[in-house]
1. What are the distances, in nm and sorted shortest first, from the label point of B:Thr114 to the label points of the same position in each other copy, with each label point placed 7 Å from Cα along the Cα-to-Cβ direction?
2. If each label sits 7 angstrom from Cα along the C-beta direction, how far apart, in nm, is B:Ala57 from its counterparts in the other copies?
3. Just subtract the alpha-carbon distance of B:Glu127 and B:Arg61 from 0.36 nm times their residue separation and send over the number in nm, one decimal.
4. Specify which residue in the list A:Gln39, B:Asn143, A:Gly151 is farthest towards the positive end of the charge dipole of the protein assembly as shown, using unit charges on the beta carbon of Lys, Arg (+1) and Asp, Glu (-1), about the Cα centre.
5. Quote the total accessible area buried by chains B and A together, excluding ligands, DNA and RNA, probe 1.4 Å, nearest 100 Å².
6. Along Cα→Cβ, 7 Å out, is where each label goes; now give me the distance between the ones at B:Trp164 and A:Trp164 in nm to one decimal.
7. Ignoring ligands, DNA and RNA, what accessible area per residue does the range B:11-119 give at 1.4 Å, in Å²?
8. 7 Å along Cα→Cβ for the label point: how many nanometres lie between A:Thr30 and each equivalent label in the other copies, listed shortest first?
Number of protein chains: 2
Amino acid sequence: MSLRHAMLGLLAERPSSGYDLMKRFETSLTNVWPATQSQVYGELGKLAKAGLLEVVAEGPRGRKEYAITPEGRAELRHWLAETRPDRSRRSEMLLRVFFLDLLTPLEAVAYLSTEAERAASLRADLEQVKEQVQWDDGPLSVNGRLALEYGLRLSAMQEEWARWAAEQIGGTQAAEAGKS
Amino acid sequence: MSLRHAMLGLLAERPSSGYDLMKRFETSLTNVWPATQSQVYGELGKLAKAGLLEVVAEGPRGRKEYAITPEGRAELRHWLAETRPDRSRRSEMLLRVFFLDLLTPLEAVAYLSTEAERAASLRADLEQVKEQVQWDDGPLSVNGRLALEYGLRLSAMQEEWARWAAEQIGGTQAAEAGKS
DNA sequence: CTTCGACATTCCAACGTCGACATGTCAAAG
DNA sequence: CTTTGACATGTCGACGTTGGAATGTCGAAG
């Protein structure tokens, strides 16, 4: 349901075509709210029909540039300021944890170790992003920094937890599996 | 896609009717993989047709008790041991963070503070669960403990992050004010 | 005997997401 | 001049999730 709001948010910063929007989704919002082409173009049409967006320019190849309307801004603001985020957490990773006793302790420890490594490598990636990105203090970069820091802390927590959990199950076996 | 596996997992522990299964979902898996009635009953039929489950008893009110078959167990094990969890993270909470500059600093700080409080209260709840639950060392309670600990660490991290983020914005605001 | 709450199943319409397919234009490189 | 790759939009069917409605049985309390 918040795809529309993600799009309104991006278009509030600057007008874009569907194609541009897709690229902006891929670079900045992939980790937070992924979107496919069909979804974006479909929603673009709906939002325009609803008066929250309008076509402000047409270019080559049938390009249509969309901009947010005052109604769109109002809707966006309303969403941000007056509604609570939907907190429906669904974690396949955690679901598996509930059934870990169906595996041998060795397999279970291997699962948790893999999780730990995945988290560690994600964390390393984010750490690199943090250093590479120009924090030139546009308004987006402040928010981006907050989100990045969240990812950093989350992946750190996940790694620690997974290592701890592996130890709970495997005891000495955890160290063995972790090494390999 | 993993609803089927969640159901297989629960039925691997003990046979249940759809109604029972619903209650087990609500008590143990709500926070990890919520499911609705229509979903559970629908999937029950599909899994039985596919030979992963079978009806082992019929009771009063049309009650049908389902048990996992060897094929079902094989599928469950395969899922657990030989596939990687789908990690599609979608966070409306974080999406909002990207657009926080559309609010006044005061409103943004309010948003983050609310998040911090929500995390803190969740953490308190989980802490209580931790103490109330009988950790009688069934096989489920080991896994349950791991999952609970994850929730504990996650909510702690979220609270810290939200407080930190609120400070970042408040601090920026102070700096701006100082400049002018 | 009636009522009420827990038990119990089944069906359906609507929505969001996903992946694939179809169609076509324009600019630059070979 | 042809090919290639980026640009650009649009449609489709399948799937999983959601919420609601319909239907009915059984046991216990009043």
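The values are calculated or read from the model by the stated rules, or taken from the named source; none is laboratory data. Treat the numbers as computed from the prediction; the structure is a model and nothing was measured. Glycine also receives a Cβ, built like all others from the backbone with ideal geometry; neighbour counts cover every protein chain displayed. When the accessible area is computed, the model is the full protein with side chains, heavy atoms only, and any ligands, DNA or RNA have been set aside. Shrake-Rupley method; radii C 1.70, N 1.55, O 1.52, S 1.80 Å.
1. 3.9
2. Copy-to-copy label distances for B:Ala57: 7.2 nm.
3. Additional length available on full extension: 19.8 nm.
4. Ranked along the dipole, the leading option is A:Gln39.
5. Counting protein atoms only, the buried area is about 6600 Å².
6. For B:Trp164 paired with A:Trp164, the spin-label model returns 1.6 nm.
7. Values: 5770 Å² over 109 residues.
Result: 53 Å² per residue.
8. 3.6
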